[in-house]
Amino acid sequence: MSLVAWNPARELDALFSRVNRPLGSERGVWGETMGSADWMPAVDIRETEDAYQIDVDLPEMRPEDVQVTFHDGVLAVSGERKYEQKTEGKVHRLERRYGRFSRSFRLPESADESRIEAQARDGVLRLRIPKREAVKPRTIDVQVS
């Protein structure tokens, strides 16, 4: 018998992962929806002064197998990772996930959807969404007649 230190944060994280994934309708801070899928790639979302950045882990996927779309304020990333490995002998364990996936994110009002950039490198799809130029207040002179 081995002893394992109890980590309540890990336990809660595992619980929320198990509870939220099957529902498919849970929305996160970014208005994310996770439809039915065979697997769900990990995503990091960051914000700088001038842009938002979404990094999607897509190991062993070619850019032509991934679709990035924008419609009605929602940025969607979808695709399919196929299991095409032919091995001789027995397979003892398969932990990597294969099949279709779909992730979508409602972009904030400050995002400039007309300048979205997508770049794939080393198994990571990097989406850069620039922010709109801030609307500066304008002074209006009142004319006296």
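Return a yes/no flag: does segment 123-145 have any residue that is among the polar types (S, T, N, Q) and within 14 Å of the chain's Cα centre (by Cα).
The answer is no, given that none of the residues of segment 123-145 is among the polar types (S, T, N, Q) and within 14 Å of the chain's Cα centre (by Cα).
Please pick out the residue among 113, 117, 80 that is in contact with a strand residue (DSSP E or B) (Cβ under 8 Å, 6 or more places away or on another chain), surrounded by 10 or more Cβ atoms within 10 Å (Cβ to Cβ), of a type in the set (Asp, Glu) and under 14 Å from residue 40 (Cα atoms).
80
Write out, first by first residue and then by second, each pair whose Cβ atoms fall under 6 Å of each other, whose residues are 6+ apart or on separate chains, and whose first residue, in segment 102-130, is farther than 25 Å from residue 38 by Cα while the second is part of a loop (DSSP other than H, G, I, E, B) and among the hydrophobic types (A, V, I, L, M, F, W, C).
Going by the 6 Å Cβ cut-off, the qualifying pairs are 129/116.
FYI, it's all coordinate maths here, none of it is from the lab. Only a predicted model underlies this, so the values are computations on that prediction, with no experimental measurement involved. Here the Cβ is made from the backbone with ideal geometry for all residues, glycine too, and neighbour counts use every protein chain on show.
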